[in-house]
Amino acid sequence: MIALIDYGAGNLRSVYKALKFVDADVQIVTYPEEMKDARAVVLPGVGAFDDCMNALQRQDLIQGAREFIRTGRPFLGICVGYQALFEKSEEFNSCAAGLCLFGGKVVRFKEESGLKVPQIVWNQLEITRPECPILAGITAGSYVYFVHSFYPQPRDASIVATETVYGERFASAVWKDNIFATQFHPEKSQKVGLQILKNFVSLAE
């Protein structure tokens, strides 16, 4: 069973449907005890960093997520669920602490790039760690779907699995041990995104 964390994120159903499409046994969970028997966990996300962290805190899911990750079972963060893995965010004078699983902060795209913010576009992946399990079968230059104004700046460059250029180069996916995370939305990225989710599900089998 793959636990899909429900803390009120708007894209929950699309992630659920995409996981079901790749034959995952998915259960939507709202409390940490529901994750105990899961083979893997997915933390989706849209919206603001603080809203995400405050909702997770209210449902006791911050400590629950940390404890799950310590078991070594696969964990996937998507969009704000990716940003939540870091220490803090600059979004709207954010006050909430992240999960602090990775060093670094979440920053906003620079306006002077001349590009529209938020980035709402299909954009390419530059694969920096082709050995990353969830990138199996994904070719360099593949297009995936982004909707975001902010992105993490990992302190440890070795965790960066893919990069993307939108005015500036940023880490669009990371991987360390059993933790995987993407700034893009695999559930909205058609064939490429479904392959990434299929690869993640296979890690839980």
Any idea how many residues of segment 130-156 are under 26 Å from PHE92 (Cα atoms) and either assigned to a helix (DSSP H, G or I) or touching a His at 6+ places or on another chain (Cβ under 6 Å) (or both)?
1
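Anything in segment 79-97 that is of a type outside the set (Ser, Thr, Tyr) and either surrounded by 24 or more Cβ atoms within 10 Å (Cβ to Cβ) or under 14 Å from GLN153 (Cα atoms) (or both)? List them, or say none.
The initial filter retains those residues of segment 79-97 that are of a type outside the set (Ser, Thr, Tyr), namely 79-81, 83-88, 90-93, 95-97.
CYS79, VAL80, GLY81, GLN83, ALA84, LEU85, PHE86, GLU87, LYS88, GLU90, GLU91 - these are the residues of segment 79-97 that are of a type outside the set (Ser, Thr, Tyr) and either surrounded by 24 or more Cβ atoms within 10 Å (Cβ to Cβ) or under 14 Å from GLN153 (Cα atoms) (or both).
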Select from segment 94-130 the residues that are among the charged types (D, E, K, R) and in contact with a strand residue (DSSP E or B) (Cβ under 9 Å, 6 or more places away or on another chain) and write down the one among them that is nearest to GLU67 (Cα to Cα).
LYS105
Out of segment 136-171, which residues are open to solvent by less than 60 Å² (accessible area, probe 1.4 Å), touching a helix residue (DSSP H, G or I) at 6+ places or on another chain (Cβ under 7 Å) and over 21 Å from VAL46 (Cα atoms)?
ALA136, ILE138, SER142, ALA161, GLY167, GLU168
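Taking the options PHE49, PHE21, name whichever one is under 24 Å from SER149 (Cβ atoms) and of a type in the set (Phe, Trp, Tyr). Lay out the reasoning, then the answer.
Working: PHE21 fails: under 24 Å from SER149 (Cβ atoms).
Criteria check complete, one pass: PHE49.
Yes/no per residue for (1) out of contact with any helix residue (DSSP H, G or I) (no Cβ under 8 Å at 6 or more places or on another chain); (2) surrounded by fewer than 23 Cβ atoms within 10 Å (Cβ to Cβ):
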{"site": "TYR31", "(1), (2)": "no, yes"}
{"site": "ASP50", "(1), (2)": "no, yes"}
{"site": "GLU67", "(1), (2)": "no, yes"}
{"site": "THR71", "(1), (2)": "yes, yes"}
{"site": "LEU76", "(1), (2)": "no, no"}
Here the residues within segment 101-112 that are touching a residue at least 24 places away in the same chain (Cβ under 8 Å) and open to solvent by 50 Å² or more (accessible area, probe 1.4 Å) are LEU101, LYS105, ARG108, LYS110
Looking at (1) in a loop (DSSP other than H, G, I, E, B); (2) within 15 Å of the chain's Cα centre (by Cα); (3) of a type in the set (Lys, Arg), find the lone condition where LYS105 falls short.
(1)
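Which residues, counting only those in segment 183-205, are of a type outside the set (A, V, I, L, M) and at pLDDT below 95? Before the answer, list the steps.
The first filter runs over segment 183-205 and keeps only residues of a type outside the set (A, V, I, L, M), leaving 183-191, 193, 195, 198-200, 202, 205.
Within segment 183-205, just GLU205 meets the criteria.
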Contact list please: Cβ distance under 8 Å, first residue in segment 34-48 and of a type outside the set (A, V, I, L, M, F, W, C), second residue in a strand (DSSP E or B), pairs at least six apart or on different chains.
GLU34/ALA3; GLU34/GLN27; ARG39/ILE2; PRO44/LEU4; PRO44/ILE5; PRO44/ILE78; GLY45/GLY77; GLY45/ILE78
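The values are calculated or read from the model by the stated rules, or taken from the named source; none is laboratory data. No experiment lies behind these values; they were computed from the predicted model shown. Methodologically, a virtual Cβ is constructed for each residue, glycine included, from the backbone with ideal geometry; neighbour enumeration extends over all protein chains shown. Only protein heavy atoms, including side chains, enter the accessible area calculation; ligands, DNA and RNA are left aside. Shrake-Rupley method; radii C 1.70, N 1.55, O 1.52, S 1.80 Å.
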